[in-house]
Amino acid sequence: MVSSSGKILIVDDDDTVGRFLLRILSKDHQAEWVNNGGVALQRIAQGGYDVAIIDLGMPGMPGDQLMPHLKRLDSSLSTILITGWNLEDAPERREPFDFYLQKPFSDISLLHNAVQNAKALREQRHSAAE
């Protein structure tokens, strides 16, 4: 199912979701979970992440407001938006992200596929920048 490991940052203020994603993704990847945008910026500034999985609805700095800051720190970072909100009428909130998953996760293979696709996109961006 998972072809190669990667370094993934999970950004979600919900402890249940954060721990769940950490448990699932740590089986095949080096995953880290943080619960707010400020800490996420610190981690991305340190470098080395392939993928960031970001919740939209977080206090202080929602995921779509966090995105421009993350991209300034690492332009090749690949991102996955996760949210329980229905964004059919707000595509501009999804637009900054590379991939999108609706919570609750109905099929865990969708998460694994999104991570693999995000890692592949990161590699393409990294190669193009060289």
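A few comments on the model shown:
- Any chance V17 is in contact (Cβ under 8 Å) with a residue 60 or more places away in the chain, in contact with a Gly (Cβ under 7 Å, 6 or more places away or on another chain) and surrounded by 12 or more Cβ atoms within 10 Å (Cβ to Cβ): no
- Meets criteria (open to solvent by less than 40 Å² (accessible area, probe 1.4 Å), touching a strand residue (DSSP E or B) at 6+ places or on another chain (Cβ under 8 Å) and among the hydroxyl-bearing types (S, T, Y)) for S78: yes
- Taken over the stretch 27-51, the residue count meeting the criterion of being within 19 Å of L121 (Cα to Cα) and touching a helix residue (DSSP H, G or I) at 6+ places or on another chain (Cβ under 6 Å) is 4.
The values are calculated or read from the model by the stated rules, or taken from the named source; none is laboratory data. The shown structure was predicted, so the numbers you read here are calculated from the model rather than taken from an experiment. Ideal geometry is used to build each Cβ from the backbone, glycine not excepted, and the neighbour counts take in all protein chains shown. Surface accessibility is based on the protein's heavy atoms, side chains included, excluding ligands, DNA and RNA. Shrake-Rupley method; radii C 1.70, N 1.55, O 1.52, S 1.80 Å.
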